[in-house]
Each structure stands twice: as structure tokens, then as C-alpha cells.
1. Hey, can you tell me all the residues within segment 22-40 that are under 22 Å from THR64 (Cβ atoms) and either charged (D, E, K, R) or surrounded by 14 or more Cβ atoms within 10 Å (Cβ to Cβ) (or both)?
2. Restrict the check to segment 41-56 and report whether at least one residue is at positive phi and either assigned to a strand (DSSP E or B) or loosely packed, with under 13 Cβ neighbours inside 10 Å (or both).
3. Before we move on, is ARG18 in contact with a strand residue (DSSP E or B) (Cβ under 9 Å, 6 or more places away or on another chain), loosely packed, with under 11 Cβ neighbours inside 10 Å and on the phi < 0 side of the Ramachandran plot?
4. Considering each residue of segment 1-15, count those that are more than 30 Å from THR64 (Cα to Cα) and part of a strand (DSSP E or B), and give that number.
5. Kindly indicate which of GLY48, GLY79 is at pLDDT 95 or above, over 12 Å from GLU6 (Cα atoms) and of a type outside the set (Asp, Glu).
6. Among the residues of segment 30-68, write down those that are in contact with a helix residue (DSSP H, G or I) (Cβ under 8 Å, 6 or more places away or on another chain) and either of a type in the set (Lys, Arg) or closer than 13 Å to ILE9 by Cα (or both).
7. Kindly indicate whether any position in segment 59-74 is outside any helix (DSSP H, G or I) and at pLDDT below 90.
8. Right, VAL2: loosely packed, with under 14 Cβ neighbours inside 10 Å and either on the phi > 0 side of the Ramachandran plot or modelled with pLDDT under 95 (or both) or not?
Amino acid sequence: MVVRDEWAISCRDLAGRRREVTVLVSSDRVVLIAPPGEAAVLTPLDVGRLRAALRDAVVSVGATASGEDAEEGDDGEFGPA
């Protein structure tokens with residue numbers, strides 16, 4: 001497993017303790033890691049940061065897939081998950 005990009009978004013758990021939600025790219029997948037055994041409570045600003053991190057991760061996966069597709073002569077379409 002090769003990690004290319006990683007984003008950490010601050011949040012709190014239900015008890016108010018500081019936690020992080022992590023978004024990372026592994027090969028051609030976007031991985032979302034939540035606080036272990038906890039719920040992530042996000043402010044509106046944190047939701048915006050999570051959205052931006054997810055968008056950036058998808059762009060990164062798309063760029064990687066496009067490079068691989070160009071090498072393999074694929075049509076660039078993503079198949080079913």
C-alpha cells in the first residue's frame with residue numbers, strides 16, 4: 001500500500017475531546033479514517049475542510065488513474081466500486 005496524499009481535519013468526539021478525521025489516497029482509492037470507536041462532531045467550517053480534502057483526494061486519484069490509463073490505453077472511465 002503506497003500512501004500518496006493525506007489530509008487531517010480537526011473535529012471533536014461526543015465528549016468534546018479533540019480528534020481528527022483523516023482522508024488519504026492509497027493506490028486508486030480514497031480512504032476516510034474516523035476516530036477509533038468514536039463519532040466525529042464537525043463544525044460547519046470543519047465540514048468544509050472535510051469536503052475540500054475529499055475533493056482533493058478524488059482529484060489526486062483521478063490524476064493517478066489518468067496517468068495509468070494513458071499508459072495502458074484505457075478510456076479513462078471509472079468502473080463500479
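The values are calculated or read from the model by the stated rules, or taken from the named source; none is laboratory data. Every value quoted in this text rests on a predicted model; they were computed, and no experiment measured them. So basically every Cβ, Gly included, is an ideal-geometry build from the backbone, and we count neighbours across all protein chains shown.
1. Filtering segment 22-40 for residues under 22 Å from THR64 (Cβ atoms) gives 22-33.
Matches in segment 22-40: THR22, VAL23, LEU24, VAL25, SER26, ASP28, ARG29, VAL30, VAL31, LEU32.
2. No, the conditions are met nowhere in segment 41-56.
3. On the way: in contact with a strand residue (DSSP E or B) (Cβ under 9 Å, 6 or more places away or on another chain): yes; loosely packed, with under 11 Cβ neighbours inside 10 Å: yes; on the phi < 0 side of the Ramachandran plot: yes.
In short, yes.
4. Initially, segment 1-15 is screened for residues more than 30 Å from THR64 (Cα to Cα), giving 12-15.
From the residues that got through so far, the ones that are part of a strand (DSSP E or B) too are 12.
Residues meeting the conditions: 1.
5. Working: GLY79 fails: at pLDDT 95 or above.
From the options GLY48, GLY79, the qualifying one is GLY48.
6. Scanning segment 30-68 gives LEU32, LEU42.
7. Step one: of segment 59-74, the residues outside any helix (DSSP H, G or I) are 73-74.
Adding the requirement that they be at pLDDT below 90 leaves 73-74.
The answer is yes, given that some residue of segment 59-74 is outside any helix (DSSP H, G or I) and at pLDDT below 90.
8. Details: loosely packed, with under 14 Cβ neighbours inside 10 Å: yes; either on the phi > 0 side of the Ramachandran plot or modelled with pLDDT under 95 (or both): yes.
Considered against the rule, which asks whether it is loosely packed, with under 14 Cβ neighbours inside 10 Å and either on the phi > 0 side of the Ramachandran plot or modelled with pLDDT under 95 (or both), VAL2 comes out as yes.
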